[in-house]
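K.L.:
This structure is in structure tokens; I'll ask about it shortly.
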Amino acid sequence: MSARDDSRIECLMCGACCIAFDIKEIGKRAGEPCSHLTSERKCSIYENRPWGCRGYRPDELCVLLSTLDEEERVGIMRRIYGCDEQPE
């Protein structure tokens, strides 16, 4: 196990990534809340979540954004990761 693995950031369960990004496997568009996101900000299909969700790892950005409200977190994530462009 590397030092990086030891410092892994745990998910803060804010739901921002479940809104900000698209999830092609289930037809979720960027900016829309995932239909599997509960009111407690937990994934209702976590054990069977799509590959795109499994690949996302919380990072320092999640910690920095944790003090903002949901709309601000989602907006910043969308801008940073280039999700603001509308599909043609």
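K.L.:
State yes or no: is GLU10 part of a helix (DSSP H, G or I), among the acidic types (Asp, Glu) and open to solvent by 90 Å² or more (accessible area, probe 1.4 Å)?
P.N.:
Judged against the criteria, GLU10 is not a match.
K.L.:
Just give me the residues in segment 41-60 being without any contact (Cβ under 8 Å) to a residue 24 or more places away in the chain and part of a loop (DSSP other than H, G, I, E, B), in sequence order. Reasoning before the result, please.
P.N.:
The initial filter retains those residues of segment 41-60 that are without any contact (Cβ under 8 Å) to a residue 24 or more places away in the chain, namely 44-49, 54-55.
Residues satisfying the conditions are SER44, ILE45, ARG49, GLY55.
K.L.:
Another question, then. Here is a list: ASP69, ASP84. Which entry is at pLDDT 90 or above, charged (D, E, K, R) and open to solvent by 50 Å² or more (accessible area, probe 1.4 Å)? If you could, list the steps in order and put the result at the bottom.
P.N.:
On the way: ASP84 fails: at pLDDT 90 or above.
When all the criteria are applied, what remains is ASP69.
K.L.:
Looking at CYS34 and the list (1) in contact with a helix residue (DSSP H, G or I) (Cβ under 6 Å, 6 or more places away or on another chain); (2) in a helix (DSSP H, G or I), which single condition is not satisfied?
P.N.:
(2)
K.L.:
Could you say which residue among ARG73, ARG79 is in a helix (DSSP H, G or I) and touching a helix residue (DSSP H, G or I) at 6+ places or on another chain (Cβ under 8 Å)?
P.N.:
Details: ARG79 fails: touching a helix residue (DSSP H, G or I) at 6+ places or on another chain (Cβ under 8 Å).
Matching residue, one of ARG73, ARG79: ARG73.
K.L.:
In segment 32-52, how many are open to solvent by less than 70 Å² (accessible area, probe 1.4 Å) and modelled with pLDDT of 90 or more?
P.N.:
Of the residues in that region, 8 qualify.
K.L.:
So, one more: Only one residue in LEU68, LEU37 is among the aliphatic types (A, V, I, L, M) and under 11 Å from the mean Cα position of the chain (by Cα). Which one? Talk me through it step by step, then tell me what you get.
P.N.:
Numbers: LEU68 fails: under 11 Å from the mean Cα position of the chain (by Cα).
Checking each option against the conditions leaves just LEU37.
The values are calculated or read from the model by the stated rules, or taken from the named source; none is laboratory data. It should be emphasised that the depicted structure is a prediction, and the values quoted were computed from it without experimental measurement. So basically every Cβ, Gly included, is an ideal-geometry build from the backbone, and we count neighbours across all protein chains shown. The accessibility values were calculated without ligands, DNA or RNA, using every heavy atom of the protein model including side chains. Shrake-Rupley method; radii C 1.70, N 1.55, O 1.52, S 1.80 Å.
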